[in-house]
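Below you'll find the structure I mean.
Values quoted throughout were computed directly from the atomic coordinates according to the rules given, and no laboratory measurement underlies them. Quick caveat, the model's predicted, so the values are computed rather than measured. No Cβ is skipped: glycine too gets one built from the backbone with ideal geometry, and neighbour counts run over all protein chains shown.
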Amino acid sequence: MTGIDPVSVQIRLRGVRFAWRRYESDIIDIDDFTVAKGERLFIEGPSGSGKSSLLSLLGGVVVPREGRVEVLGENLSSMRGWRRDRFRADHVGFVFQMFNLVPYLSVVDNVILPCRFSRRRRARSEARSSSVHADAMRLLAELELDRSKVIDRAVVDLSIGQQQRVAVARSLIGSPEIVIADEPTSALDEGTRERFLELLFNECDAEDTTLLFVSHDTRLGTLFNRRVSLKEINRSAVEAPS
């Protein structure tokens, strides 16, 4: 275990082993790993080393075949699927690598979608702004997606970089305790990337949100409180292809 104060631990993995199929070799094999409340954690590793699988475990999308995944004091490994879904909706904002935007919803409706599934996040969003819609507009404006150019267009008509920013706004709305971002800057140019990271950090700092950020761009690691290579914590990552 790291030197993190046990009182401040928000995420802990203990004896976690995971493979996508029953008879395959483990992709994840982690003895003990912790993340503190409010920490900005940068996770790096080559393609195929298990980064996305680790994020899926931390978000309760999947469960390990062995061990415990504890988030906010809850053991996700022992929860039924519907309880993990509810927990994730209330407490975790996800920026998926493939965005997972809903093509038949507007830009704003995509952003406010988590608040439709979580009363907790809706209440937090309304407390931050005058309404959920106003909070979505605030986030979109911070990400330079203004009404005249973007808001009234279908998400499928947006550029990849614009879709990525919509996905980020969706992850932040309702101030979840944890934000998990899987390669969220891969489609952004340098100037937009800097503004995006500034917004992401400011939003997380304002609510003391824990940020887990995965990227192959190791230059970004210096901007975070802590950077971890999967080879340091995941014994299966040593054999992963580059």
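Quick check: residue separation of Asn225 and Met98 times 0.36 nm, minus the Cα distance between them. What number comes out in nm?
Numbers: separation 127, 0.36 × 127 = 45.72 nm, distance 2.62 nm.
Full extension from Asn225 to Met98 adds 43.1 nm.
Counting Lys and Arg as +1 and Asp and Glu as -1, each charge on the Cβ, what is the dipole of region 99-217 about the Cα centre in debye, to the nearest 20? Let's see the in-between values first.
Details: 15 positive and 20 negative charges, 139 e Å.
Taking the Cα centre of region 99-217 as origin, the dipole is about 660 debye.
Right, here's the next one. Placing +1 on the Cβ of each Lys and Arg and -1 on the Cβ of each Asp and Glu in the chain, which of Ala89, Gly221, Thr185 has its Cα farthest towards the positive end of the resulting dipole?
Ala89
Do the sum for the chain: with -39,500 (n - 2.57) for every DSSP H run of n ≥ 4, divided by all residues, what is the mean residue ellipticity at 222 nm, to the nearest 500 deg cm²/dmol?
On the way: 8 runs with 86 residues, N = 242.
Mean residue ellipticity at 222 nm (helix-derived): -10500 deg cm²/dmol.
In square nanometres, what is the average projected area of the Cα convex hull of region 48-159? Don't jump to the answer; show the numbers that get you there.
Working: hull surface 35.3 nm².
Reported value for the Cα convex hull: 8.8 nm².
Continuing with the same structure: Considering only Pro103, Val155, Ile233, whose Cα is most displaced toward the positive end of the charge dipole of region 6-239, charges sitting on Cβ of Lys, Arg (+1) and Asp, Glu (-1)?
The residue sitting farthest along the positive end of the dipole is Pro103.
From the convex hull of the Cα coordinates of region 6-239, what is the mean projected area in square nanometres?
Values: hull surface 50.3 nm².
Value for region 6-239: 12.6 nm².
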